Structure formats: C-alpha cells, structure tokens
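The values are calculated or read from the model by the stated rules, or taken from the named source; none is laboratory data. This structure is a prediction, so every number in the text was calculated from the model and none was measured. Please note: Cβ atoms are built from the backbone with ideal geometry, for glycine as well, and neighbour counts cover all protein chains shown.
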Amino acid sequence: MWVSWRAATHRALYGDGGFYLKERPSAHFRTSVHASPLFAEAVARLLARVDADLGHPERLDFVDMGAGDGRLAAGVLAAFGGERLRVVAVDLAPRPGGLPPGVEWASEPPGEITGLVVANEWLDNVPVDVVEQTPDGPCLVEVDPETGSERLGPPLTDPADLAWLAAWWPLPRVGSRAEIGRPRDEAWNSLLARLSRGMCVAVDYSHVLADRPDQGTLTGYRDGHAVPPVPDGTCDITAHVALDACARGEGLLTTQREALRALGLTGARPPLALASSDPRGYLRALARASAEAELIDPQGLGGFGWLEQVR
C-alpha cells in the first residue's frame with residue numbers, strides 16, 4: 001500500500017496504536033526539558049516578563065504544547081506558582097501519573113489564552129508531505145508504511161502547496177527534495193488565533209530559506225538513536241521545521257542559545273576562589289554552569305530555532 005508521507009506519518013504517530021499514543025518521548029530522545037530543570041526555570045522567567053507586559057491579568061495562562069510527560073508544565077508551575085496561574089499541558093496521550101493537580105491535562109489548547117504558549121519540539125511532529133523535483137515539476141513521494149520503501153507518486157497539483165514551495169522551499173534541481181511545511185504554518189496560526197494577549201514560542205530543529213537541505217530532513221528516532229524513518233508506529237517520525245515560513249516575517253526568530261542567554265543562562269563558570277571559601281557552593285555552581293552550557297551549546301540544543309510572536 002503506497003501513501004503520501006503525510007498520511008503515513010499521521011497514522012504512525014497518532015492513529016490506532018500510534019507511536020505517540022503508546023510511548024513517552026523522554027524514553028526515546030532527550031529534549032531541553034529533560035536535559036535540565038533550568039529550562040523550565042528560564043521559561044518561568046519568560047512567563048514573568050509576559051505577565052508584567054500584560055499588566056498582571058486576573059488569570060495568567062501557561063500552555064505547554066506536546067507536553068509529553070508534563071515535566072515542563074510541572075516545572076513552570078513550581079517555579080512561578082500563584083493562584084492566578086492556569087497551567088495547561090496539551091497532548092494526545094493519556095495524563096501521566098505523578099503530575100501535580102495544578103496541571104490541567106487536555107487534548108487541545110484552550111479556546112482563549114492570555115499568557116504564554118510554548119511549543120517545544122511540537123511542530124516537527126506535525127506530519128508533512130515530501131516532494132521531489134522531476135523534469136516535469138515536483139511530484140509527491142509515496143511510502144510503503146510497512147517497509148519505508150519509497151516511490152515517486154503523482155505530480156503535485158495543490159495550488160496552495162505549489163505556492164508554499166515557490167515561496168519557502170524552491171527546488172533547485174532534478175532530484176532535490178522538500179518537505180511542504182504548510183501544515184506546520186497552519187498549526188502555528190491556530191495557536192496564535194487562540195492567543196488573545198501574550199506570546200507564543202516555538203522551539204525546534206529548524207532551517208531557513210537561505211539554508212534549506214537539498215534532500216530534506218525526514219528521519220526516525222527510537223531509544224535515543226536516529227533510525228530509518230519507517231512509518232509503522234515503532235519509531236518517532238520527524239522533520240526539521242521551516243520556522244521562517246511559520247513566522248512570515250513577524251516576531252523574533254533567533255536561536256535557543258540567544259533566547260536563553262537573554263533569560264539569564266550564560267554557562268559562566270563560578271570563580272575559582274569560591275572553591276576555597278565554599279567548596280559545596282562551588283560544586284553546585286559548577287554543576288549549574290555545566291547544565292546551562294548544554295542548553296545553550298550552539299552545536300546542540302542551543303542551535304535550535306526559537307520563534308517568539310506577541311499579541
């Protein structure tokens with residue numbers, strides 16, 4: 001059975017017995033949330049800035065998209081607290097055990113949001129079509145969900161997809177591939193539409209128009225390792241996000257390194273003199289500096305794209 005990558009990925013991740021309905025992401029790959037609780041602390045500081053910009057509304061929302069095991073939502077709740085704060089963790093999987101009762105669990109975001117929405121490694125799991133340039137124009141790439149084998153399918157004819165390709169991922173030569181990010185743009189815009197006042201943040205593997213990969217980025221993950229992207233429900237299927245297309249020239253598009261540095265994570269080592277005056281304090285400060293350094297490493301998590309859009 002040959003189907004489009006978008007259809008195959010949707011079924012593999014979210015259909016009956018889909019990967020994300022039976023697995024927790026933390027069991028298969030390490031996100032910033034799981035690298036260190038300092039990430040949640042930094043997000044809580046960003047929430048405090050949004051709160052101040054909004055004039056401390058009667059109800060302040062924090063919404064965690066693609067919440068996984070809810071660790072980010074719980075960390076922000078613990079760091080920020082207060083009766084005004086409503087924390088909503090959004091995920092299609094069942095609520096995990098052990099979450100604080102102050103974290104609401106939902107399958108979709110609230111209809112109206114005042115505060116901060118964070119989509120950390122969420123957009124890369126919105127399924128997309130893959131196309132390949134041929135002498136006669138772009139054609140859909142089809143896949144066998146059981147084996148991951150591919151073949152060229154019919155020509156791409158959807159006017160909206162063709163327009164997206166022309167604007168955001170022009171294919172330079174025969175054999176070049178692209179992942180059509182229009183479903184990600186629509187998912188992102190659906191979040192912005194729910195935001196009455198505040199900020200939406202997307203953090204993800206990403207690329208921009210000037211640096212699109214010639215063969216795309218589609219891959220699989222299982223047990224902490226990259227694996228062939230076979231959409232049979234046994235692994236994560238992901239592709240990097242064209243965040244500049246989501247942004248459409250609005251908001252701040254930067255890197256996680258720069259965003260977290262602006263929130264106080266510098267990775268600076270403590271002064272050596274502290275080792276003599278307060279050895280335990282020095283070790284704690286050194287461990288913190290190491291955790292910060294991992295989160296802002298430009299060759300690792302710090303190289304993630306970071307998009308902020310404000311209403």
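If you go through the range 51-76 and keep only what is over 20 Å from the mean Cα position of the chain (by Cα) and either part of a helix (DSSP H, G or I) or closer than 26 Å to residue 289 by Cβ (or both), you end up with 51, 52, 53.
Within the range 92-111, residues that are touching a residue at least 12 places away in the same chain (Cβ under 8 Å) sit with their Cβ atoms under 7 Å from residues that are of a type in the set (Asp, Glu), at 6+ positions apart or across chains, in these pairs: 96/69; 110/61. Residue count for the range 235-272, restricted to those that are surrounded by fewer than 22 Cβ atoms within 10 Å (Cβ to Cβ), in the same structural domain as residue 17 (by TED's automatic domain parsing) and in contact with a Lys or Arg (Cβ under 6 Å, 6 or more places away or on another chain): 0.
What residue, of 189, 125, is closer than 19 Å to residue 238 by Cβ and of a type in the set (S, T, N, Q)?
None of the other options fit; the residue is 125.
Considering only the range 160-175, I want to know if a residue exists there that is part of a loop (DSSP other than H, G, I, E, B), modelled with pLDDT under 95 and not assigned by TED's automatic domain parsing to the domain that holds residue 213.
Here is the first cut: in the range 160-175, the residues part of a loop (DSSP other than H, G, I, E, B) are 169-175.
In the following step, the residues that additionally are modelled with pLDDT under 95 were identified as 172.
Filter again for not assigned by TED's automatic domain parsing to the domain that holds residue 213, leaving 172.
Within the range 160-175 (the criterion being part of a loop (DSSP other than H, G, I, E, B), modelled with pLDDT under 95 and not assigned by TED's automatic domain parsing to the domain that holds residue 213), the answer is yes, since at least one residue qualifies.
Residues that are within 18 Å of residue 9 (Cβ to Cβ), surrounded by fewer than 18 Cβ atoms within 10 Å (Cβ to Cβ) and among the small types (Gly, Ala, Ser) within the range 132-186 comprise 148, 149, listed in sequence order. Looking at the range 220-302, the helices (runs of 4 or more DSSP H) lying wholly inside it that each contain 3 or more residues that are more than 25 Å from residue 209 (Cα to Cα) sit at 274-277, 279-296.
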